[in-house]
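What follows draws every value from the coordinates through simple rules; no lab data is involved. Given the structure is predicted, the values throughout are model-derived calculations rather than measurements. Quick reminder, even Gly has a Cβ in these numbers, built from the backbone with ideal geometry, and neighbours come from all protein chains shown.
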Amino acid sequence: MFQYLVLLETDQEKEFFTEVYERYRNDIFHLSYRILKNESDAEDVVQEVYISLLDHMDKLEEDEPFRNWGYLAAMARNKSYNYYNRKKKYQESSLEDWWASDIYAREIDELLVDREERNLILELLKQIKSPYYEILKMRYYYGLTVQQVADELERTPGSIYQLTKTAKKRFQALLEENGCLEKYGIRVIE
């Protein structure tokens, strides 16, 4: 917290900021954690909220704790969703790296066909709606077990098994619609 106080000018601002920090820090953390489901990410959001608060101290009032909490909660919620979306976008871009992981020791013409095939699969995979996309990504990209996916998505293993079956069927249908079976011989293994 000391790093924040150095940026404030008056003793009154420093005292008020300290009071706000000590009073709401845990609440902001728990709110962010409920959204992000990750302690480290929630801590990052707490830091972002208090850094932003340095520029918006004028929006808080000393004798209005409910109003202050409403403002801080809205800020924490928005920053948590923004953090989640940034992280999700980064993880989706790393999906492309996964497809390109085995390019060594291959012929150029083989690589070109394979790259075209992988790009097509990637695009089709992105067309599958949530939660099916997430389940396929967790099961086959990250290699998680049904139980691990169930824990992550807060569902039962039975529902994850059914959702995985449905996701595979939908992906198979997309492959068929786009001619992947005829052109590349790609099929989803049951």
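Using the Cβ atoms and a cut-off under 14 Å, what net charge is assigned to the surroundings of residue 159, where Lys and Arg are +1 and Asp and Glu are -1?
Summing Lys and Arg as +1 and Asp and Glu as -1 gives -1.
What ranking, highest mean first, results for peptides 126-136, 70-80 when packing means the other Cβ atoms within 10 Å averaged over each residue?
Numbers: 126-136: 15.8, 70-80: 17.8.
Highest mean packing first, the order is 70-80, 126-136.
With a sphere of radius 13 Å drawn around the Cβ of residue 150, what net charge do the other residues whose Cβ falls strictly inside it have (Lys, Arg +1; Asp, Glu -1)?
On the way: positive: 139, 155; negative: 134, 151, 152, 154.
Taking every Cβ under 13 Å from that of residue 150, the sum is -2.
Please report the net charge: other residues with Cβ closer than 12 Å to the Cβ of residue 128, K and R +1, D and E -1.
Local net charge: +4.
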